[in-house]
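*Asks:* Sharing a structure here in structure tokens format.
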Amino acid sequence: MRKLITGLFIAGLALTSTANALTLTSSAFEAGSAIPALYTCQGKDISPPLSWSDAPANTEAYALVVRDPDSKNKNWIHWVMYNLPLDATSVPAAYQAKMAGALVGKNSWDKSIYQGPCPTSGTHHYRFELYALDQALYVDPGLTADQLNQAMSGHILGMASLIGLYGKH
């Protein structure tokens with residue numbers, strides 16, 4: 001009987017810890033599926049709508065990075081945003097960082113905007129990464145993804161990612 005109770009208790013902990021995991025979704029595409037051309041260089045090149053839920057306890061702000069790990073340099077950055085407020089649970093399509101306190105960093109084109117998928121060849125995996133932070137970051141606008149990673153060090157409570165695929169037609 002003791003083994004059964006211990007097993008149930010451990011199983012209960014596992015369910016509890018995964019039930020409240022930070023999640024990131026888009027109404028424009030499902031995880032692992034194609035990103036519609038509208039959100040790429042072959043369309044309007046606007047950001048897709050994103051939504052998140054189940055933030056960890058003590059979350060005070062969010063950061064978002066969109067990267068292409070399949071690029072020639074293995075880490076092409078398409079979008080950097082941070083200090084999205086605690087009460088934010090989504091960003092609409094064509095988002096321009098209009099939430100109070102939200103800052104936009106620099107992408108790999110050295111621009112502070114979203115620039116969508118635009119692979120030179122093949123189909124690439126685009127990682128939309130959302131970070132739940134224990135505080136807003138007291139930093140300037142225009143951070144690169146590497147600078148943001150340094151600023152977030154020690155402040156990340158949780159992370160969710162959404163992977164979309166895109167290849168030029």
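The values are calculated or read from the model by the stated rules, or taken from the named source; none is laboratory data. Predicted model, so just to flag it, every value in this text is computed and none were measured.
*Asks:* Test Asp68 against the criterion of being on the phi > 0 side of the Ramachandran plot and at pLDDT 95 or above, and give yes or no.
*Replies:* Numbers: on the phi > 0 side of the Ramachandran plot: no; at pLDDT 95 or above: yes.
Spelling it out, it is not the case that Asp68 is on the phi > 0 side of the Ramachandran plot and at pLDDT 95 or above.
*Asks:* Suppose we keep only residues that are acidic (Asp, Glu) and modelled with pLDDT of 95 or more within the stretch 118-169. Which one would you say is farthest from Ser71 (Cα to Cα)?
*Replies:* First, the residues of the stretch 118-169 that are acidic (Asp, Glu): 129, 134, 140, 146.
From what is left, the residues that are modelled with pLDDT of 95 or more are 129, 134, 146.
Details: Glu129: 17, Asp134: 31, Asp146: 16 Å.
Once the filter is applied, the top-ranked residue is Asp134.
*Asks:* Quick check on my filter: what residues within the stretch 80-132 are assigned to a strand (DSSP E or B), closer than 23 Å to Glu60 by Cα and of a type in the set (Val, Ile, Thr)?
*Replies:* The answer is Val80, Val91, Val104.
*Asks:* Now a separate question. Residues to consider are Leu38, Leu15; find the one that is more than 18 Å from the chain's Cα centre (by Cα), at pLDDT 95 or above and among the aliphatic types (A, V, I, L, M).
*Replies:* From the options Leu38, Leu15, the qualifying one is Leu38.
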